[in-house]
C-alpha cells in the first residue's frame, strides 16, 4: 500500500524536467512495477563520463538549468528529494535533463553510497549537507546543498566529488571550513553558485528559484566564458570557506511543515525530514528499495 501511495504522488508530477510515472502494475509474482518514459541517453552521470570529450560549456549550463528548474518545481510542491545527484537525473533523446529517483541508481553506482553499521543503511555522504550527516535533517535547503555537488559533477564532466577524501572524513573536511575547488574550465559564475549552495548556515544558501533565474540569464547572455581558477582536472584542491550574505526571502519554499519527502511516512511537523520520519531502520534512502524496475 505504501508503494502505491508513493507511486500515486509521483504520478502527479507534471514538469518537463521531472521524470513522472506513466503507471503502476504488477508482475506474475505480484511484485509492483513502475512504468516510466524511455530515457534514450540514460542517467546523467554515465552520459557525462561517456561524452566528456565533446561536451560544450553551453550544454553543461543547460543541464544545470534543467536540474534547477526541476528542483524548483519539486520544492514549490513541497517535495524533498534527499538523494539529488547526477546518477539520479535522466537524459532523454532531446538532451533534456529530468530529475528522477529510482532504485536502479544504487545498483549502477553502488560506490557512491557509504555503509555505516547496518549494511542496509547506505547514505550518499558526499552529496549530503552537514546537518543531514549530523541529525538526518532533510529539507529544501539540504537539497540545495546537494544541487551544488550535482553542479560540480556536471562541470567536472562526471568526476567523483571529494576524490581524495574517504567518505568518513568528508564531514570533518567540510566543518573545517573547506570546500571543493572549481572544476577545470568552470565559469566563475557557476562556481559562485556552487559556493553559495555550500554555505554552512542553511538560511544563507541560495534557493532553486534564484539558481534557475541566474542560469537563465547566463544562457541568454552572449559571451565567452572565462575559466575559474582550478586545482586540477577534477578540482580537488580545498579552498577556505567564507559565509556570504543570507537569503531573506524564503517564500518560494512554501510552509515547511507541509513538506513531503520521497519515501517519508508522512508530512513532517517540524519542518525537517529526519530519520525518525523515514523507516524503522532510520535509512533515509530505504524507500528506493521499494521500487522494482524491470
- State whether region 121-218 is rounded, prolate or oblate according to the following rule on the C-alpha gyration tensor (a ≥ b ≥ c being the square roots of its eigenvalues): a/c under 1.5 gives rounded; otherwise a/b larger than b/c gives prolate, and the remaining case gives oblate. oblate
- Message: So for each of 24-34, 74-84 I average, over its residues, the number of other beta carbons within 10 Å; can you give me the resulting order with the highest mean first?
- Response: 74-84, 24-34
- Query: So how much slack lies between residue 49 and residue 28, counting 0.36 nm per residue of separation and subtracting their Cα-Cα distance, in nm?
  - Reply: 3.9 nm
- Note on the structure: Packing-ranked peptide list from 36-45, 165-174, highest mean Cβ count within 10 angstrom first, is 36-45, 165-174
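Quick note: the coordinates plus some simple rules give every number you see, no bench work behind them. Computed from a predicted structure; not experimentally measured. All Cβ positions, glycine included, derive from the backbone under ideal geometry; neighbour counts span all protein chains shown.
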